[in-house]
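Worksheet for the structure shown next.
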Ligand SMILES: [Zn+2]
């Protein structure tokens, strides 16, 4: 059998969605990269032994970057991560004293 009608397999027009698709991919890659960074977080400040850095209790801990804002990514890259229980984590977000203590300890480690 000889195929004579190629119209179904031949499309002379570039796909109009190409540009949009590319941008979407770019954003997706960026967020994937950040997600990977967050997954790969490690700590040079303490062992991951299930103990909260602030209160020392054996509890379920969350990772907390020593420095927030624009330095949050640097914190992840350098391993400036604390393991904090939920209570201390919440405190660290609002309590200036705890935040400063965590900042100072991390600064000593990188100097
Ligand atoms: Zn705690």
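Is it the case that some residue within the range 95-109 is closer than 25 Å to residue 33 by Cβ, at pLDDT 95 or above, away from the ligand (no atom under 14 Å from the Cβ) and over 17 Å from the mean Cα position of the chain (by Cα)?
Yes, the range 95-109 contains at least one residue that is closer than 25 Å to residue 33 by Cβ, at pLDDT 95 or above, away from the ligand (no atom under 14 Å from the Cβ) and over 17 Å from the mean Cα position of the chain (by Cα).
Given the options 45, 34, name the one that is at pLDDT below 90, within 20 Å of the chain's Cα centre (by Cα) and on the phi < 0 side of the Ramachandran plot.
On inspection, the qualifying residue turns out to be 34.
If you check residue 26 against the conditions, is it within 16 Å of the ligand (Cβ to nearest atom) and either under 19 Å from the mean Cα position of the chain (by Cα) or at pLDDT 95 or above (or both)?
no
Among the numbered criteria (1) more than 7 Å from the ligand (Cβ to nearest atom); (2) over 20 Å from residue 111 (Cβ atoms); (3) touching a helix residue (DSSP H, G or I) at 6+ places or on another chain (Cβ under 7 Å); (4) outside any strand (DSSP E or B), which single criterion is violated by residue 90?
(3)
Looking at the range 55-92 only, could you name the residues that are touching a residue at least 40 places away in the same chain (Cβ under 8 Å) and in contact with a strand residue (DSSP E or B) (Cβ under 6 Å, 6 or more places away or on another chain)?
81, 83
Against the condition more than 12 Å from the ligand (Cβ to nearest atom), surrounded by 12 or more Cβ atoms within 10 Å (Cβ to Cβ) and part of a helix (DSSP H, G or I), how does residue 37 come out, does it pass?
The answer is yes for residue 37.
Give me a count of the residues in the range 66-84 that are closer than 16 Å to residue 39 by Cβ, within 16 Å of the ligand (Cβ to nearest atom) and in contact with a helix residue (DSSP H, G or I) (Cβ under 8 Å, 6 or more places away or on another chain).
Residues that pass the stated criteria total 1.
Taking residue 67 and the conditions (1) outside any loop (DSSP other than H, G, I, E, B); (2) under 21 Å from the mean Cα position of the chain (by Cα), which numbered condition does it fall short on, given that it satisfies the others?
For residue 67, the exception is condition (1).
The values are calculated or read from the model by the stated rules, or taken from the named source; none is laboratory data. Note that the structure is a prediction, hence the values are computed from the model and not measured. Virtual Cβ from ideal backbone geometry, glycine too; neighbours counted across all protein chains shown.
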